[in-house]
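In what follows, a structure is listed as structure tokens, so that the remarks can point back to it.
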Number of protein chains: 2
Amino acid sequence: MKHVVDLSWKENMAFETVQDGHPLVIDAGAESGGNDLGFRPKKLMLTALAGCTGLDVISILKKMKVVPEAFRVIVEGDVTDEHPKKYVEMKVIYEFKGQDLPLAKLQKAVGLSEEKYCGVSAVYKDALKLSSEIRVIE
Amino acid sequence: MKHVVDLSWKENMAFETVQDGHPLVIDAGAESGGNDLGFRPKKLMLTALAGCTGLDVISILKKMKVVPEAFRVIVEGDVTDEHPKKYVEMKVIYEFKGQDLPLAKLQKAVGLSEEKYCGVSAVYKDALKLSSEIRVIE
């Protein structure tokens, strides 16, 4: 299957696209000559990973009848100082909140995303160091 | 330097984050049990690439005093059918519109992004097949 993204330049450093009906604006910050009208493109790599694995995990937990009170996916990316300024390491933190959450099931859901389902981490792990951590808050 | 993205689960398959002051919603489509409230995460990998190289190119052309009438970056990604459904190939199409645009300068700007500046393609090309094409429309 083929996915296509079509991004159009608007003005100065701002670009715009519509994906699945949702508009998205990309821009640089003032420090890079932009007007901060939208997202920094590189960080969208982290958003893609957080969203991909987050969707996997919540979908698998739903099938396991496990419903956390709250769930966050934090992705930290280490960027090189030299050009090309790229991510060389990422860490994914899965933070679940709830009473008596079954840790083994949380680990199973995260493991299935990491090893079987998440197409974003499957690409990144061929190019950089990827690690993860599960945190549970009562 | 470290970048951080913090994505919070809202309801069903929808997640939300705020990046550099801009809110972003992730959701699955109805065919995957979601409510289509926002972006599909995997496609944000394509948006990240289009935005990163688009910003590079427009910024380099500005320094070269080259201003196209219009400029689009189209990224096509080929996804596997089997899990993990991941991109194995991407093609970046740079489409410039304008009268008498200097092709050598367009090629130079694209080449500098691909070889020196774009931190997104620098990661992807270690994990998948990446190609590009320049189109000029008068």
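The values are calculated or read from the model by the stated rules, or taken from the named source; none is laboratory data. Everything quoted here is computed from the prediction, not taken from an experiment. Note that we place each Cβ from the backbone using ideal geometry, even for glycine, and neighbour counts take in every protein chain shown.
Brief remarks on what is shown
- Filtering segment B:118-138 for residues that are modelled with pLDDT under 95 and either farther than 30 Å from A:LEU128 by Cα or among the small types (Gly, Ala, Ser) (or both) leaves a non-empty set.
- Some residue of segment A:99-111 being within 27 Å of B:VAL120 (Cα to Cα) and not charged (D, E, K, R): yes
- Selection within segment B:75-122 - among the β-branched types (Val, Ile, Thr), touching a strand residue (DSSP E or B) at 6+ places or on another chain (Cβ under 8 Å) and closer than 27 Å to A:HIS83 by Cβ: B:VAL75, B:VAL88, B:VAL92, B:ILE93, B:VAL110
- Selection count where residues are under 15 Å from B:VAL79 (Cβ atoms) and among the hydrophobic types (A, V, I, L, M, F, W, C), scope segment A:111-138: 4
- Candidates B:VAL79, B:VAL73, filtered to the one that is at pLDDT 95 or above and under 13 Å from the mean Cα position of the chain (by Cα): B:VAL73
- Scope segment B:114-138; condition assigned to a helix (DSSP H, G or I) and at the interface with chain A (Cβ under 9 Å from one of its Cβ atoms); matching residues: B:GLU115, B:LYS116, B:TYR117, B:GLY119, B:VAL120, B:SER121, B:ALA122, B:VAL123, B:TYR124
- Qualifying residue in segment B:5-28 (condition: within 20 Å of A:LYS42 (Cβ to Cβ), touching a helix residue (DSSP H, G or I) at 6+ places or on another chain (Cβ under 6 Å) and not in a strand (DSSP E or B)): no
- Of the residues making up segment B:44-69, those that are surrounded by fewer than 22 Cβ atoms within 10 Å (Cβ to Cβ) and within 7 Å of chain A (Cβ to nearest Cβ) number 1.
- Subset of segment B:18-38 that is facing chain A (nearest Cβ under 7 Å) and surrounded by 24 or more Cβ atoms within 10 Å (Cβ to Cβ) - its residue that is farthest from A:ILE58 (Cα to Cα): B:GLY38
- Within segment B:7-17, the set of residues being facing chain A (nearest Cβ under 7 Å) and touching a residue at least 12 places away in the same chain (Cβ under 8 Å) comprises B:LEU7, B:MET13, B:PHE15, B:THR17.
- Filtered residue count, segment B:70-103, keeping only those that are within 8 Å of another protein chain (Cβ to nearest Cβ) and part of a loop (DSSP other than H, G, I, E, B): 6
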